[in-house]
Amino acid sequence: MKRFVWLLVLALLVVPAFAANVSTSSWIGVGFHTRFLPFSDGYGFAWGTWGSGNLTFSLSGSSNLGSVNATFKVNLPYDLSGSASPTGTITFAKLFNNPLTLSFYKGTFGGLSTRLVGNVVSSTAISVVADMAPVKVTVAYAPADTWWKSNLWADAALAVKAEASLSTPVSVSLYGLINKAATYTTISAWAVGGSVTPVTAPVSLTVCGEAASNPEQLIGVTVKAVEGKVTVNGNYKLQAKTFKVSVTADKVVPNTTVYAEYNTAETYTIFGYVSASAPVPVGSLSLGAALANGPDTLVGGFAKWSVSLGGGVSHDLLLGYGFDYDDYSANGFNRGNLTGADNLWGVDVRGKFYAESKLMIGF
């Protein structure tokens with residue numbers, strides 16, 4: 001945390017003729033929750049207190065070197081014990097009036113992945129992004145986040161990704177990625193791929209392909225219709241001989257998203273969900289339901305009613321069935337919402353109802 005603050009101060013010192021706007025925001029909340037849960041010996045109540053919060057600094061400005069934007073956020077632990085988790089970004093855009101962006105990240109750096117290769121740069125990272133249309137090159141380096149003896153190469157993660165996009169006469173995108181994960185001395189993964197969009201109206205059609213070091217090759221098709229509100233995705237992995245087809249309808253019905261997927265690479269091959277928000281006279285109401293089919297059929301869902309009582313006081317009422325709401329609130333809908341429902345708050349709620357009343361006081 002101290003290192004990042006000094007980095008922010010240094011960035012301000014080395015940029016001449018700097019005009020900046022600085023803002024801060026903070027939130028600390030404490031509260032009390034009551035849960036009605038299906039324990040092994042029957043339904044019963046559980047009570048507890050909680051607390052969490054964050055402190056955020058934001059900076060934006062410009063100089064003769066280019067524009068500068070920075071954010072620094074300290075996330076307090078959920079139970080207000082242990083160490084805080086700092087994250088932040090400092091970005092210099094269009095350095096020396098050139099299309100060069102230099103970014104420093106503290107925290108997870110995303111975007112360096114492909115359809116077949118995941119992102120290995122997931123801790124403290126320094127990234128440089130050079131974007132000069134139609135080419136974009138991103139380099140990210142994440143040394144071991146430790147004060148103990150470490151090797152700058154063997155104990156670090158590195159990823160380099162080059163992309164090129166053309167839009168005339170048809171849209172074409174090409175990319176290549178190499179990854180070196182921490183604890184490896186050589187390149188651990190690579191991928192090359194691209195896509196072509198020969199048709200854009202009234203229905204958009206994109207064909208893609210990728211080869212990776214797994215070894216694996218993938219071919220896929222994406223179709224978008226109804227002004228982009230309906231998306232059909234399909235891909236086939238040649239070595240694994242698995243295929244995935246999904247359909248997403250987003251806001252075809254107002255405030256509603258519907259998703260359905262068939263994926264032979266998953267244990268639960270069929271998965272789908274519906275999520276929506278609904279107007280209510282007081283507060284806001286969000287709803288969701290999901291289904292997964294594999295070794296057995298799992299169903300679940302939730303309804304959450306949130307009301308602001310003024311003065312930083314609010315209340316949530318959550319009703320659930322066979323559904324891991326903690327995983328949903330962190331990651332959105334996925335199979336884990338249902339397959340992980342055997343351990344929600346330490347209780348098996350798979351195929352069962354539960355409820356939570358949560359009073360929050362924030363300041």
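Let's see how each residue does on (1) surrounded by fewer than 17 Cβ atoms within 10 Å (Cβ to Cβ); (2) assigned to a helix (DSSP H, G or I):
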position: 295; (1), (2): yes, no
position: 320; (1), (2): no, no
position: 326; (1), (2): yes, yes
position: 342; (1), (2): yes, yes
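State which residue is nearest to the chain's Cα centre (by Cα) when the search covers only region 14-43 and only residues that are small (Gly, Ala, Ser) and at pLDDT 90 or above. Outline the logic, then answer.
Restricting attention to region 14-43, the residues satisfying the condition of being small (Gly, Ala, Ser) are 17, 19-20, 23, 25-26, 29, 31, 40, 42.
Right, trim to at pLDDT 90 or above and you get 31, 40, 42.
Numbers: 31: 27, 40: 35, 42: 37 Å.
Here the answer is 31.
Residues in region 297-314 that are farther than 30 Å from residue 266 by Cα and either loosely packed, with under 15 Cβ neighbours inside 10 Å or hydrophobic (A, V, I, L, M, F, W, C) (or both): 305, 307, 308, 309, 310, 311, 312, 313.
Rundown of residues vs (1) of a type in the set (S, T, N, Q); (2) open to solvent by less than 60 Å² (accessible area, probe 1.4 Å); (3) under 16 Å from residue 189 (Cβ atoms), yes/no style:
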| position | (1), (2), (3) |
| --- | --- |
| 119 | yes, yes, yes |
| 127 | yes, yes, no |
| 132 | no, no, no |
| 152 | no, no, no |
| 157 | no, yes, yes |
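Restricting to region 168-180, name every residue that is hydrophobic (A, V, I, L, M, F, W, C) and open to solvent by less than 40 Å² (accessible area, probe 1.4 Å). Across region 168-180, the qualifying residue is only 177.
Highlighted here are the strands (runs of 3 or more DSSP E) found entirely within region 146-263 that include at least 1 residues which are without any contact (Cβ under 8 Å) to a residue 12 or more places away in the chain and more than 30 Å from residue 288 (Cα to Cα): 189-199. Of all residues being farther than 19 Å from residue 31 by Cβ and among the aliphatic types (A, V, I, L, M) in region 298-346, which is nearest to the chain's Cα centre (by Cα)? Just the residue, please. If we take residues in region 298-346 being farther than 19 Å from residue 31 by Cβ and among the aliphatic types (A, V, I, L, M), then 338 is nearest to the chain's Cα centre (by Cα).
Checked against (1) closer than 19 Å to residue 111 by Cβ; (2) buried (at least 16 other Cβ atoms within 10 Å of the Cβ); (3) at pLDDT 90 or above, residue 165 meets all criteria but (2). Within region 113-145, being in a strand (DSSP E or B) and at pLDDT 85 or above holds for 135, 136, 137, 138, 139, 140, 141, 142.
Selection within region 268-286: residues that are over 21 Å from residue 342 (Cα atoms) and open to solvent by 50 Å² or more (accessible area, probe 1.4 Å). The member of this set that is modelled with the lowest pLDDT is 279.
In the set (1) in contact (Cβ under 8 Å) with a residue 12 or more places away in the chain; (2) farther than 27 Å from residue 53 by Cβ; (3) surrounded by fewer than 17 Cβ atoms within 10 Å (Cβ to Cβ), residue 291 fails one condition alone, (3). In this structure, residue 183 qualifies as open to solvent by 80 Å² or more (accessible area, probe 1.4 Å) and closer than 21 Å to residue 113 by Cβ. Evaluation of residue 46 against the conditions (1) modelled with pLDDT of 80 or more; (2) open to solvent by 60 Å² or more (accessible area, probe 1.4 Å) shows that the sole unmet condition is (2).
More than 21 Å from the chain's Cα centre (by Cα), under 22 Å from residue 48 (Cβ atoms) and not in a strand (DSSP E or B): does that describe residue 349?
Details: more than 21 Å from the chain's Cα centre (by Cα): yes; under 22 Å from residue 48 (Cβ atoms): yes; not in a strand (DSSP E or B): yes.
Yes; evaluated as a whole, the condition is true for this residue.
Per-residue answers, yes or no, for (1) more than 24 Å from residue 216 (Cα to Cα); (2) open to solvent by 80 Å² or more (accessible area, probe 1.4 Å):
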position: 230; (1), (2): yes, no
position: 237; (1), (2): no, no
position: 240; (1), (2): no, no
position: 246; (1), (2): no, no
position: 249; (1), (2): yes, no
position: 257; (1), (2): yes, no
position: 262; (1), (2): no, yes
position: 266; (1), (2): no, no
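The values are calculated or read from the model by the stated rules, or taken from the named source; none is laboratory data. All values derive from a computational prediction rather than experimental measurement. Neighbour counts run over all protein chains shown; Cβ positions are idealised from the backbone, glycine included. All accessible areas refer to the heavy atoms of the entire protein, side chains included, with ligands and DNA or RNA removed. Shrake-Rupley method; radii C 1.70, N 1.55, O 1.52, S 1.80 Å.
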